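Here the structure is laid out as structure tokens; the discussion comes afterwards.
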Amino acid sequence: MRRPTRPVFLARAPYRRRRLRDAARLLPLLGFLLLLLPILWQDGPDLPRVSDVALYFFGVWAVLILLAAVFASGLKGGEGEEEEED
Amino acid sequence: MPFNLLVAACLLYVIALFAVAFFVEARARVGRLGWLRSPLVYTLSLSIYCTAWTFYGAVGYAARSGLEFLTIYFGPTLVFVGWWWLLRKLVRIGRQYRVTSIADLISSRFGKSNTLGVIVTIIAVVAATPYIALQLQSVVLAFGVFASATPEGQLAPDASQTAFWVAVGLALFTVLFGTRNLDVKEQHHGIVTAIAVEAVVKLVALVAVGCFVVWGIAGGPADIIARIDAANLPAWQVQPGRWAGLIFLSAAAVITLPRMFQVMVVETNDEGHLARASWAFPLYLLGMSLFILPIAVVGLDHLPAGSNPDMFVLTLPLAEGQGALAMLAFLGGFSSATSMVIVESIALATMISNHIVIPLWLRLNRAEAEREDLRAIVLNARRLAIAAVISLGYGYYKVSGGSAALAAIGLIAFLGVAQVLPALIGGLFWRGATRTGAILGLLTGFVLWAYCSFLPSFGPGAVLPEAIFHDGLFGLAWLRPQALFGTGGMDPLIHALFWSLTLNATAFCIGSLLTFPGPVERLQGAAFVHVFGGGIGPQRWAMGQAEPEALLSMAQRILGEETAQALFETAARGQGKEGLLPEPTPAFLEALEARFSGAVGAATAHAMISQLVGRAAISVENLMAVASESAQIMEYSARLQTRETELTRTAGALREANEKLQQLSLQKDAFLSQISHELRTPMTSIRAFSEILTEGTLPADQVARYGRIIHDEAKRLTRLLDDLLDLSVLENGTVQLNLELTSLHQMLETALTAARQTRPERSFAMSRDLDDEAVFLKTDADRLTQVFINLISNARKYCDADAPELRIAVRQRGGKVTVDFIDNGKGIPKEAQSLIFEKFARLSDANRAGGAGLGLAICREVMANLGGAVTYLPGQRGAAFRVTVPLRLDQVAA
């Protein structure tokens, strides 16, 4: 069943909100890639120290949370029904 | 620290939780929840994810495997920071269709199939049992730590006795607050708030211990970093497979764990909370894991070799003589364990009562089911189920002896519930997912999980005979539980993860692709997948033969008398009826079913209503009718739209015509005064001169002059009248045409010669192409020439250029000849172009050359009679007229 047609072009504010949602959707991808880093390590003498690795992970984690907090304002309310897989 | 004090503190803590829960329930009853429904409480209640396994086990995990414990938090972090669209859909569906549990969601999505509900319930219970045992075990271990630290003379508690009383206490608390009411939507505000409080205690306790370890025992962050690097054990090496697999597994589990589903979907009303939780929940997880590694390394350093790393959180403060801190840590661990058990058992009890006990009871007691108050039965079933779930956990703890490391059981439980993932995601985003596919996928996943992960976790020889481990099922080597299809080199958990989820998803997809869903299934599928589209309602009832009275009595048994009667009364009033009994319209049945499913789950609610409505539930024919109904509506609106554009067009044409009419009427008025003037001027001079002539005293030459004037004026009058007559003949179509073959060139020559009489003083530069003019037309030559003369004279009259020029261009185009007359004057203003062909139209008085404004009107009529047209040609820099005439005019119908 066809859904009612939605506007093709948006005003500035909803447009920004939608891009924020896009960014939020991409965030887990970025996070997943960054968090997969240890997979690439081979056994060897110049492996990074465990403490550095731990700091790296907590850093990535903090950045993800920070970005999510920035994006969160765009997730709330607004055009509500509009998105899904638009 | 005295053991009795610990027990007392524990009891006090539990009493405080009771008080919080009571207080909130009391406020909820009067509907004043306020900030208790805030995103903060929502986020904190999500921390149910962090169980005792996290609280104690993560330190042990870190001591054994280094950074790998982080993966358990990375999965949920990724899900929450970016997958809110999935979670939001879940929450929206949960709210819209009053979903009571994850089993209810799956069963409802796939055509309200109770079979699916039962399967998911069984998977959840089996996976949760060891997990609950794990919580009991952690509490027992913690008690044990304190007991061994107490001075002699204290009664060392018996482990299984502790576990027993903890289990009893938890069951009591859960039954008290978890089954107070059969809410329309299974919400337990008291418990959620208590859990939020416990979440704070957990975090504070862990952070406090962490700070003590970092700054109290070790010498600050730098020292910790040095110790971490020094402690770098070979076992800490990251294993790529496990790393990626565990992130995926924990991401899947956070969506599918029954207790997470309970707090995330069932207990919330507000999708907006998800936005806040998208960063606040990962932040909470970050806080929970920040000090895990420091505690682990300092514990390894400070405590005697062989101490249980799972208990470092307690043993470290105790070893340092920090009794109060240890107590706080103990309460934190206690909180983690209790909150998990409470919520998990509520979630499982809801599933068990809605999908197993009630359907079974309804089937067995069909006769009694007509009378009894179902609410009491549902509540009792739920209470029993809570007790049963907790006893199962206790039983597992007793049997397993509480020996296995905490983390291992936790991951196996994760993998168990993750089997729901393909059906869940498929159900939410793929309309083609069917019930058969879901059943196949879930069964495949469940069997593989049990065979590859759950049963082997008891150890070789415990449940699965050792022979199966070595030689495979039925002696088939490729069926060894930890090396399916000869994939032996993998980590057992990742092996089970890969095979169970892959084959689960494959079976789900193949099953869905090959089967045809039933009508209810298809409706539900569309409603769930397009929950944001809003267009598709849930399953519809056909206008049934249900007795309103029977419906009411059933509703009273499920919702309680007061609620049910209020519901029916509102519905009846909505239909404009007095009294308690509304018509059983599809809409009403739908609303009623939604209310029922909030209490007993979608499948049972559906079954109960269809029992009363008879077999009038939706059929494929109904479904097609619904579809064609909406198709008709769409077609109708399309037709309306066409008609609307048509109307707009007509209105535009009418407006144009009206404007033209008004202008014409103005012109006609102007003409009337003009024509009277035109007629009057010659008449006046004729009368005046004839009067002079009648006096008879004039010399002969004067008489001749006056006579000529009278003659001229009379000729003018005649010409005017001729024109008018001509026009009326042409307009009536009664004109006689004289068709003959004539040269166009000849006609133009004649016309030019004749037109030279108009303003003979002006000399025009002519531009013609004689070759083009060599065309023979079959037409009325006199009439056509008349048109040419008129156009050329007009140019001579009105062209206001200093060096006037006239271009005549002839072109042949598909059986027609066009002759353009283009001068280099000012042209005709745009607004006048549509008027010049009207009768009596005249542009300006300035260039008036004696015409009455009939020339072009006559031309137009002539051309119409000749089967052609004369039009104004805009955009030629001067005035330009195009005469179109057919090459061969056959006799037109007169």
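The values are calculated or read from the model by the stated rules, or taken from the named source; none is laboratory data. Just so it is clear, the structure is predicted and the values come from calculations on it, not from any experiment. So basically every Cβ, Gly included, is an ideal-geometry build from the backbone, and we count neighbours across all protein chains shown. Just the protein is used for accessible areas: all its heavy atoms, side chains included, with ligands, DNA and RNA removed. Shrake-Rupley method; radii C 1.70, N 1.55, O 1.52, S 1.80 Å.
Selection of region B:493-513 for residues being open to solvent by 60 Å² or more (accessible area, probe 1.4 Å) and under 16 Å from B:Phe454 (Cβ atoms) yields only B:Phe498. Of the residues making up region B:171-219, those that are charged (D, E, K, R) and either at pLDDT 90 or above or open to solvent by less than 30 Å² (accessible area, probe 1.4 Å) (or both) are B:Lys185, B:Glu186, B:Glu198, B:Lys202.
Residue-wise test of (1) closer than 25 Å to B:Ala418 by Cβ; (2) modelled with pLDDT under 70; (3) not β-branched (Val, Ile, Thr).
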position	(1), (2), (3)
B:Val463	yes, yes, no
B:Glu466	no, no, yes
B:Ala477	no, yes, yes
B:Pro481	yes, no, yes
B:Leu484	yes, no, yes
B:Met490	yes, no, yes
B:Ile494	yes, no, no
B:Trp499	yes, no, yes
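Listed here are the residues, each with its yes/no results for (1) farther than 19 Å from A:Leu55 by Cβ; (2) in contact (Cβ under 8 Å) with a residue 12 or more places away in the chain.
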{"position": "B:Ala222", "(1), (2)": "no, no"}
{"position": "B:Pro240", "(1), (2)": "yes, no"}
{"position": "B:Leu249", "(1), (2)": "yes, yes"}
{"position": "B:Val263", "(1), (2)": "yes, yes"}
{"position": "B:Ala275", "(1), (2)": "yes, yes"}
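For region A:5-16, the condition of being within 7 Å of chain B (Cβ to nearest Cβ) and either at pLDDT below 75 or open to solvent by 100 Å² or more (accessible area, probe 1.4 Å) (or both) holds for none of the residues. Checked against (1) under 38 Å from the mean Cα position of the chain (by Cα); (2) touching a residue at least 12 places away in the same chain (Cβ under 8 Å); (3) part of a helix (DSSP H, G or I), B:Arg431 passes all but condition (3). Taking region B:735-848 as the region of interest, the strands (runs of 3 or more DSSP E) fully inside it that hold 1 or more residues being touching a residue at least 60 places away in the same chain (Cβ under 8 Å) and surrounded by 14 or more Cβ atoms within 10 Å (Cβ to Cβ) are B:739-743, B:776-780, B:805-813, B:816-823. One residue stands out in region B:566-579 among those that are closer than 15 Å to B:Leu589 by Cα and not aliphatic (A, V, I, L, M): the one that is surrounded by the most Cβ atoms within 10 Å (Cβ to Cβ), namely B:Phe568. When residues of region B:188-213 are filtered for being farther than 16 Å from B:Thr268 by Cβ and either more than 49 Å from the chain's Cα centre (by Cα) or of a type outside the set (A, V, I, L, M) (or both), how many remain? Residues meeting the conditions: 6. A:Trp61 meets all of the listed conditions (1) within 18 Å of B:Leu246 (Cβ to Cβ); (2) surrounded by 15 or more Cβ atoms within 10 Å (Cβ to Cβ); (3) more than 8 Å from chain B (Cβ to nearest Cβ); (4) at pLDDT 80 or above but one, namely (3).
Could you please let me know if A:Leu30 is surrounded by 13 or more Cβ atoms within 10 Å (Cβ to Cβ) and modelled with pLDDT under 80?
On the way: surrounded by 13 or more Cβ atoms within 10 Å (Cβ to Cβ): yes; modelled with pLDDT under 80: no.
So A:Leu30 fails the test.
Across region A:64-86, the qualifying residues are those that are surrounded by fewer than 18 Cβ atoms within 10 Å (Cβ to Cβ) and modelled with pLDDT of 65 or more, and the one among them that is nearest to the other protein chains (Cβ to nearest Cβ) is A:Ala69.
Please tell me if B:Phe334 is within 30 Å of B:Arg37 (Cα to Cα) and more than 14 Å from chain A (Cβ to nearest Cβ).
Numbers: within 30 Å of B:Arg37 (Cα to Cα): yes; more than 14 Å from chain A (Cβ to nearest Cβ): yes.
Yes; evaluated as a whole, the condition is true for this residue.
On the stretch given as region B:853-894, residues that are within 17 Å of B:Ile822 (Cβ to Cβ) and part of a helix (DSSP H, G or I) total 2.
Scanning region B:254-283 for residues that are more than 10 Å from chain A (Cβ to nearest Cβ) and among the aromatic types (Phe, Trp, Tyr) yields one hit, B:Phe261.
So that you can scan it fast, the table gives a plain yes or no per residue for (1) more than 19 Å from B:Ala599 (Cβ to Cβ); (2) at pLDDT 85 or above:
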residue: B:Ala305; (1), (2): yes, no
residue: B:Met311; (1), (2): yes, no
residue: B:Ala329; (1), (2): yes, yes
residue: B:Thr338; (1), (2): yes, no
residue: B:Ile352; (1), (2): no, yes
residue: B:Ile356; (1), (2): no, yes
residue: B:Leu362; (1), (2): no, no
residue: B:Glu370; (1), (2): no, no
residue: B:Ala388; (1), (2): yes, yes
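B:Thr129 meets the conditions (1) closer than 28 Å to B:Gly395 by Cα; (2) within 41 Å of the chain's Cα centre (by Cα); (3) at pLDDT below 80; (4) open to solvent by 10 Å² or more (accessible area, probe 1.4 Å) in every case but one. The failed one is (3).
Only residues that are touching a residue at least 40 places away in the same chain (Cβ under 8 Å) and open to solvent by less than 50 Å² (accessible area, probe 1.4 Å) were counted across region B:677-696, and they come to 1.
Of the residues B:Ala280, B:Ala275, only one is modelled with pLDDT under 85 and either touching a helix residue (DSSP H, G or I) at 6+ places or on another chain (Cβ under 8 Å) or of a type in the set (S, T, N, Q) (or both); which?
Numbers: B:Ala280 fails: modelled with pLDDT under 85.
Residue meeting the stated conditions: B:Ala275.
Residue-wise test of (1) modelled with pLDDT of 80 or more; (2) open to solvent by 10 Å² or more (accessible area, probe 1.4 Å).
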| residue | (1), (2) |
| --- | --- |
| B:Ala19 | yes, yes |
| B:Ser38 | no, yes |
| B:Ser45 | yes, no |
| B:Tyr56 | yes, no |
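Right, B:Leu286: at the interface with chain A (Cβ under 10 Å from one of its Cβ atoms) and surrounded by fewer than 24 Cβ atoms within 10 Å (Cβ to Cβ) or not? Considered against the rule, which asks whether it is at the interface with chain A (Cβ under 10 Å from one of its Cβ atoms) and surrounded by fewer than 24 Cβ atoms within 10 Å (Cβ to Cβ), B:Leu286 comes out as yes. If you check B:Ala103, B:Ala62 for being open to solvent by less than 10 Å² (accessible area, probe 1.4 Å), farther than 30 Å from A:Leu20 by Cβ and away from chain A (no Cβ under 11 Å), only one passes: B:Ala103.
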